[in-house]
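Enquirer: Let me give you the structure first, and then I'll get to my questions.
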Amino acid sequence: MQKQRSVTVLPFIVAAQFACTSVWFAGNAVINDIIRYFALSTEVLGHLVSAVQLGFITGTLLFAVFTVSDRFSPSRVFVVCALAAALCNLSVFVAEGFSSLMLARFATGFFLAGIYPVGMKIAADHHQQGLGTALGWLVGALVLGTAFPHLVHVYPAGFSWKWVIAISALLSVTGAWIIGLFVPDGPYRSRSNGFDPAVLLKIFRNADFRSAALGYFGHMWELYAFWAFVPSVFHTYFSVHNDQGNEPVALLSFLVIAIGAPACVMGGYLSRRWGSARTAFLALLISASCCLLSPFFFQLPFPVFLLLMLVWGMSVVADSPQFSTLVAGSISPEVRGTALTITNSIGFTITILSIETLNYLRDDLPSRYLYLLLAAGPLLGMLAMKRQLRKTT
């Protein structure tokens, strides 16, 4: 009965995760329109993405310190944060300049802390077995939600950027409604008695946790910087080839990011055969290769270039649910939510460093060499995975 119930609620968790995470990159999808509307410089791209990430980090730290998703109903936490994220997303409409715009995006990121990691906690509470597959679907939903604003901005021509923001906020409200009505707390949930500072030390003393978490941190150095700069990669390619007309950059960006969704799902099923550690290692290897070969991508014919970008878009995120599975599997249930949250917090701190590094160097380093810097993450991640790989042999 419990297994059947968990299978039944998974589609609702996935749908809600997709709907609510659409607010994450809503600003990035319409960045050029925002720059024109607020008369900002082009370097605002990295800062706006970093504002969301910083808000998320702040939220996850507070959620971890107060063990929010372990002490209170995860489903209720998700609902409240989804509604708050929608409201903060809409606050862009009343922004008067760069500072208030950054604050709006920061607040949106803060409440995403109660959506992404808490969604994983809910899934883990419903799945004692097959968590890798379940999280594959869940992270796939996150990827699709992240890409969706790019698709909304494609059609029709002249579509107002404000509609992109409004639609993503409406989706977040819809996600809150889905969780509130159809997803109760899971049968494998174990409540925490409250905050214990020793819990964080206990978590990081766990060697299996450290191996999985360090691999995840390497993966995060690459992931969000890649997603943030996908439109810039296409603009660079068309510039190199003197083709600056009506290129469908928004549509191409959507395709490259969104293809990570089926990759996460496929990785989930592959993990049943290979295990989560081997599946994550393979994804790291492919994405590291794409980073190292990226300077040559810009000289290739467009069909080949697009194919390689799609491969990169798949591999850059396919390992994410497997790292979450490894983290969740290495920690006892009563602190699982806190472990997932603090891991996310540190991982997203790393994304700010990588995004701002690329943002700082984009004017001083030739664009085709810029993405070599991302290779450091997956390469270090593969080194960190040694312990996890030994366990599977």
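Enquirer: Just need the relative contact order of the chain here, percent rounded to a whole number, with Cα pairs under 8 Å and 6+ apart.
Expert: 27
Enquirer: Which of Met220, Met120 has the fewest other C-beta atoms within 10 Å, and how do the rest follow up to the most?
Expert: Exposure proxy ranking, most exposed first: Met220, Met120.
Enquirer: Taking 45 Å as R0, compute the FRET efficiency from the Cβ-Cβ separation of Thr8 and Leu365 and round it to 0.05.
Expert: That gives a FRET efficiency of 0.35.
Enquirer: Once label points are set 7 Å from the Cα along Cα→Cβ at both Tyr269 and Val240, what is their separation, rounded to one decimal in nm?
Expert: Roughly 3.4 nm, to one decimal.
Enquirer: While we're on this one: Restrict the search to the range 268-354; then list the trypsin sites (Lys or Arg not before Pro) that DSSP places in a loop and that have at most 10 other Cβ atoms within 10 Å of their Cβ.
Expert: Listed in order of number, the matching sites amount to none.
Enquirer: Roughly what would the spin-label model give for Glu334 and Lys386, points 7 Å off Cα along C-beta, in nm?
Expert: 3.5
Enquirer: Could I ask something else about it? With 10 angstrom as the radius, rank Val265, Val233 by how many other C-beta atoms surround their C-beta, starting from the fewest.
Expert: Lowest to highest Cβ neighbour count: Val265, Val233.
Enquirer: Taking the square root of 5 times each eigenvalue of the Cα gyration tensor, what semi-axes in Å does the equivalent ellipsoid of the range 257-393 have, largest first? Working shown, then result.
Expert: On the way: eigenvalues 161, 70, 33 Å².
Ellipsoid half-lengths, sorted descending, are 28, 19, 13 Å.
Enquirer: Hey, another quick one. Grab the beta carbon distance between Phe182 and Arg76, set R0 = 22 Å, and tell me the FRET efficiency rounded to 0.05.
Expert: Taking R0 as 22 Å, the efficiency between Phe182 and Arg76 is 0.95.
Enquirer: Taking N as the number of residues in the range 235-290, what value does Rg over Cα atoms divided by 2.2 N^0.38 Å take?
Expert: Cα-based Rg divided by the globular estimate yields 1.58.
Enquirer: Still on this model: Can you tell me the length gained on complete extension of the stretch Val173 to Val65, counting 0.36 nm per residue apart and subtracting the Cα distance? Could you put the intermediate results ahead of the total?
Expert: Details: separation 108, 0.36 × 108 = 38.88 nm, distance 2.68 nm.
Roughly 36.2 nm would be gained on extension.
Enquirer: Still on this structure, please answer the following. Could you give the length gained by full extension between Ser289 and Phe204, i.e. 0.36 nm per residue of separation minus their alpha carbon distance, to one decimal place?
Expert: Full-extension gain reported as 27.6 nm.
Enquirer: Given the rule -39500 (n - 2.57) for each run of at least 4 DSSP H residues, summed and divided by the residues of the chain, what is its mean residue ellipticity at 222 nm, to the nearest 500 deg cm²/dmol? The partial results should precede the final answer.
Expert: Working: 21 runs with 308 residues, N = 393.
Taken over the chain, the calculation gives -25500 deg cm²/dmol.
Enquirer: Once fully extended, how much extra length lies between Ser100 and Ser41, figured as 0.36 nm per residue of separation less the alpha-carbon to alpha-carbon distance?
Expert: Stretched fully, the Ser100-Ser41 segment lengthens by 19.7 nm.
Enquirer: While we're here: Radius of gyration and Dmax for the chain's Cα atoms, expressed in Å?
Expert: Considering the chain through its Cα atoms, Rg and Dmax are 19.8, 62 Å.
Enquirer: Moving on to the next point. Which order do the peptides 48-61, 172-185 come out in when sorted by mean C-beta neighbours inside 10 angstrom, highest first?
Expert: By packing density, highest mean first, the sequence is 48-61, 172-185.
Enquirer: Roughly how many nanometres apart are two label points built 7 Å out from the Cα toward the Cβ at Asp33 and Leu353?
Expert: 3.5
Enquirer: Report, in debye and to the nearest 20, how large the dipole of the range 2-392 comes out about its Cα centre when Lys and Arg carry +1 and Asp and Glu carry -1 on their Cβ.
Expert: Here the size comes out at about 1360 debye.
Enquirer: Additional query: Could you sort the peptides 368-380, 9-21 by per-residue average Cβ neighbour count (10 Å cutoff), highest mean leading?
Expert: On the way: 368-380: 20.0, 9-21: 24.1.
Result, highest mean Cβ count within 10 Å first: 9-21, 368-380.
Enquirer: Kindly rank 79-90, 107-118 from highest to lowest mean number of other beta carbons found within 10 Å of each residue.
Expert: Packing proxy ranking, top to bottom: 107-118, 79-90.
Every read-out reported here was derived from the displayed coordinates using simple, explicitly stated rules and does not represent laboratory data. Remember, predicted model here, so these are calculated numbers, not experimental data. Please note: Cβ atoms are built from the backbone with ideal geometry, for glycine as well, and neighbour counts cover all protein chains shown.
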